[in-house]
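The block underneath contains the structure these notes are about, expressed in structure tokens.
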Amino acid sequence: MPDAEGNADNRVFAVDWSLLTCARKGHITYAPDEEPLRERLLVSSPVGEAWRCLRCGAYVHGEPHGSGPADRAPLVKRGKELRDAFIMRFFAVERLIRGLIVAVAAYGVWRFAQSRGSIQEVFEKEIPLLRPIADQFGWDLDHSKVVTSIRHVFGLEERTLRWLAIALLVYAAVEIIEAVGLWLLQRWGEYFAVVATCFGLPVEIYELAEKVTVLRIGALAINIGLIVYIIVTKRLFGVRGGRAAHEAHLRSESLLEVEHAAADPDLSRAPHPAAGSPG
């Protein structure tokens, strides 16, 4: 909408992850036993009591979902933490899709190892029939890299193909475990994702050195971004104070903690340094 001077309002509104989550999952209310804190979370209205949601801060009519000491209240993710959870689950979906694709490839290699003879026979039988068509398009089948690569695969031993299928299956299992850990927002999943992704980086860098493609550049960028993002935001390996600092941050962002600090009379009566005294 234009303002008083006729200029269009170009403000960019930030996404309120707390409201979005409450709209999807519902509000979470809690009645603490501590009276000063209880009063800050409760309001009276003509239609009854309303309790403040621990996630979005809105007041919700009806009985609270839980009650008890404040330190036993559920630790509810809010704001930035909800955004981080969304990003982690985005990576989880990407890992799951990759794991399923690799699992299908492992199954295909295993089946190929069992039926390689019959497949090779059909392939060599069809090549002469395709040669006249390929000649029309200027494609030399006898020196084609695709045909040469396929014939190279046919030349592999059955045991080699089976080991390749097993290696692909192990890789798929690693990706799926990583996806589960990230989706559940577990700390072990975050460590697992970082370590597993680091092991895969040398292979991706080698492939990129062999041939630069948009897909390979994108995959490498995603994996490096995942490593940096998880280590920094989740404070892994002692970064930014480690696990203790991460849990303290989660508690400090809790609505109950914020209101408890505001209601604490000792904080409001805390002495201030005298003017001119060292800070």
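The values are calculated or read from the model by the stated rules, or taken from the named source; none is laboratory data. The model shown is predicted, which means the values in this text are computed figures rather than measured ones. Cβ atoms come from the backbone with ideal geometry, glycine included; neighbour counts cover every protein chain shown. Accessible surface areas use protein heavy atoms only, side chains included; no ligands, DNA or RNA. Shrake-Rupley method; radii C 1.70, N 1.55, O 1.52, S 1.80 Å.
Around Leu226, what is the net charge, scoring Lys/Arg as +1 and Asp/Glu as -1 over all other residues with Cβ under 15 Å from its Cβ?
In short, -2.
For segment 36-124, build the convex hull from the C-alpha positions and give me its volume per residue in Å³.
Output value, Cα hull per residue: 184 Å³.
Can you sort Ser44, Ser115 by 1.4 Å-probe accessible area, starting with the largest?
Listed by decreasing accessible area, they come as Ser44, Ser115.
Compare Lys234, Lys25 by solvent-accessible area with a 1.4 Å probe and give them largest first, with all protein chains kept in place.
Lys25, Lys234
Once Rh for segment 160-256 is found with the Kirkwood sum over Cα pairs, what is the Stokes-Einstein diffusion coefficient at 10 °C and 1.306 mPa s, in µm²/s?
Here the translational diffusion coefficient equals 103 µm²/s.
Per-residue accessible area for Arg116 at 1.4 Å probe radius, Å² rounded to 10?
Approximately 50 Å² for this residue.
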